[in-house]
Ligand SMILES: Cc1cc2nc3c(=O)[nH]c(=O)nc-3n(C[C@H](O)[C@H](O)[C@H](O)COP(=O)(O)OP(=O)(O)OC[C@H]3O[C@@H](n4cnc5c(N)ncnc54)[C@H](O)[C@@H]3O)c2cc1C
């Protein structure tokens, strides 16, 4: 017995499909703006486009009420530097990100985010999301501003990251989208972009999709399109359906937006960058074990004998008090948070942390495993804020962690929480639940690359915009995704107001329809999506892992192509759900090709991009300090050189603010 389908057919039966199936039935939707992906970025794009008076549709893979990485909540919002308490300016914050990454992040996108992040959060407040301590639960706390009742995370001096009560942020966005008249197509697996004349590189005039309940085919015709489909976390993951709940991200993070953009001729940048893989299943449920990172920043960690592990500043100086952990230290401007798409932070901006020499100290016997989070050593305000307010609102934690632990009797006033016992290297980073050392080094995640956008957050293709964290070059986290969505939605709507009617190419639609249903017509002996998904992950791990050379990359490309033309071409889907997952495998292969082709073009190793070419071992040669935008023209790769600070060079103005004022619109 070789496939999942064979096993099921011999040993079990699949439950009857609960929806009527109408494979091949075509539905047409005509709209001014189409938003692909209804996560937080997509909902914001749709809401803000609709507010401009145009007709808007969202095509969403899951259900927009709770879908996406932000669907289950959020507890802290980054980049809100224009809030009334902040001591950081958009210029300072943008420079901190750009300089930390030595130019390998979209400075213009960062600037747009910092200019509008606070306004976007105020919009959320208008929708009913609590962003202030309105009930005075934390009156007098040193992380709270008494006048505005705003509460801050990480850096209590500079106050640019805001703690929010975001467990219901997604349902509120969803309601708002409906209120302003957005048409939402849930369970829609978007499969391709439609272009004028069916030509690669031409204006984008819509998209195709398959309803994963009914199997029906959808043709969306739109004057403007916004891609907001999130990241591609599944690219090197064997069994994503198990692991998605285990660590950060979303099962639907299959890189479909990047794949359809790549196939339509959109330009990408830095897709050769990668980092240790996240969605890998070797970790623990997010925020479920002792740790001192992110939501738990500042939490005291003690060893089995109750001895506390020291916190240090970025210069290695031991911090004397718990309060110091939340303050920039001498020699620093301000502290950036983590998880904002900045893989390396300059000392001036880095957070205080548990001493990273902890693995060595454990080895020497200075501390004894297991380790514990001892929140009793925090002030009462801080303890209640981390365990109650933040864990109660963070994504994926309200029910599985906060409720479950509380009902089981966990009380942070007197109990400690244990950290995983793991290889000692894992204690290098205070995010102990992520399971770092358990993850094979071959498992990589994309490292900040994505669509190359201009100051309007438009791609190189007419009519195509993009937003979000994982989709674009220069994106970040939750707040960044909302904010870029809001901005891209506005611009897409403005474009749509004067754009010509979208005329789709019937041959392109027909070809996509044939492709979309191929899997339901194959033999039941064919592989299912799980086998194909695992094979893609295998190829990406082996041939495009941390270390690569021209030969491994070319072998990887060959194997992806063979997989596409053999096992994937004959793979079988027994219902619309499996069909959706198989169509995602096509997307994953396209993203894999994009990553490998970009990797072939950078003939130099690069430390910021965590990019290691064994055949070009010299690290960071000066002549390779540049971006290499890549796109397909007539299915052939085209690459050009672009300076890192292209966004401040002609045709753009020389300063961030001038460009913002020229492009932000109203
Ligand atoms: C557990 C957890 C906790 C987090 N906590 C925080 C936090 O406290 N602060 C913070 O700043 N960030 C946090 N983040 C990160 C933050 O949630 C993400 O950066 C943010 O949600 C990204 O938003 P997005 O809209 O770009 O992508 P997503 O939220 O991933 O949305 C993408 C959407 O596109 C849809 N889609 C995908 N493919 C298709 C397709 N083919 N057709 C149609 N639709 C498609 C998906 O279903 C999804 O709804 C957290 C993430 C997780 C997982």
Check: What is the residue count in the range 614-666 for residues that are over 17 Å from residue 101 (Cα atoms) and assigned to a loop (DSSP other than H, G, I, E, B)?
Finding: 20
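Can you name the residue in the range 57-67 that is in a loop (DSSP other than H, G, I, E, B) and more than 20 Å from residue 130 (Cβ to Cβ) and is also farthest from the ligand (Cβ to nearest atom) among such residues? Even if it seems obvious, please write down each step before you answer.
Narrowing the range 57-67 to residues in a loop (DSSP other than H, G, I, E, B): 60-67.
Imposing the further condition that a residue be more than 20 Å from residue 130 (Cβ to Cβ) reduces the set to 60-64, 67.
Details: 60: 5, 61: 3, 62: 4, 63: 9, 64: 7, 67: 3 Å.
Filtering the range 57-67 for residues that are in a loop (DSSP other than H, G, I, E, B) and more than 20 Å from residue 130 (Cβ to Cβ), the one farthest from the ligand (Cβ to nearest atom) comes out as 63.
Restricting to the range 442-459, count the residues that are more than 23 Å from residue 94 (Cβ to Cβ) and in a loop (DSSP other than H, G, I, E, B).
2
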Note to self: The conditions are (1) touching a residue at least 60 places away in the same chain (Cβ under 8 Å); (2) in contact with a strand residue (DSSP E or B) (Cβ under 9 Å, 6 or more places away or on another chain); (3) closer than 28 Å to residue 238 by Cβ, and residue 628 fails exactly one of them. Which is it?
What the structure shows: (3)
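Considering only the range 471-545, give the helices (runs of 4 or more DSSP H) lying wholly within it that have at least 3 residues that are touching a strand residue (DSSP E or B) at 6+ places or on another chain (Cβ under 8 Å). Outline the logic, then answer.
On the way: elements: 478-498, 506-517, 529-543.
Answer list for the range 471-545: 478-498, 506-517.
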Notebook entry, point to check: Has the range 549-558 got at least one residue that is in contact with a strand residue (DSSP E or B) (Cβ under 7 Å, 6 or more places away or on another chain) and surrounded by fewer than 24 Cβ atoms within 10 Å (Cβ to Cβ)?
Noted result: yes
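Here is a check on your reading of the model: is residue 568 crowded, with 22+ Cβ neighbours inside 10 Å, away from the ligand (no atom under 16 Å from the Cβ) and outside any helix (DSSP H, G or I)?
Working: crowded, with 22+ Cβ neighbours inside 10 Å: yes; away from the ligand (no atom under 16 Å from the Cβ): yes; outside any helix (DSSP H, G or I): yes.
Here the answer is yes, as residue 568 does meet what is asked.
Answer with yes or no whether residue 74 is over 29 Å from residue 224 (Cα atoms) and either near the ligand (Cβ under 9 Å from one of its atoms) or modelled with pLDDT under 95 (or both).
Values: over 29 Å from residue 224 (Cα atoms): yes; either near the ligand (Cβ under 9 Å from one of its atoms) or modelled with pLDDT under 95 (or both): yes.
For residue 74, the condition - over 29 Å from residue 224 (Cα atoms) and either near the ligand (Cβ under 9 Å from one of its atoms) or modelled with pLDDT under 95 (or both) - is met.
Which is part of a helix (DSSP H, G or I), in contact (Cβ under 8 Å) with a residue 60 or more places away in the chain and not assigned by TED's automatic domain parsing to the domain that holds residue 98, of 609, 600, 582, 563?
Numbers: 609 fails: part of a helix (DSSP H, G or I); 600 fails: in contact (Cβ under 8 Å) with a residue 60 or more places away in the chain; 563 fails: in contact (Cβ under 8 Å) with a residue 60 or more places away in the chain.
Within the list 609, 600, 582, 563, the selection yields 582.
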Notebook entry, point to check: Among the residues of the range 77-102, how many are away from the ligand (no atom under 16 Å from the Cβ), within 22 Å of the chain's Cα centre (by Cα) and not in a helix (DSSP H, G or I)?
Noted result: 2
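The values are calculated or read from the model by the stated rules, or taken from the named source; none is laboratory data. It should be emphasised that the depicted structure is a prediction, and the values quoted were computed from it without experimental measurement. Glycine also receives a Cβ, built like all others from the backbone with ideal geometry; neighbour counts cover every protein chain displayed.
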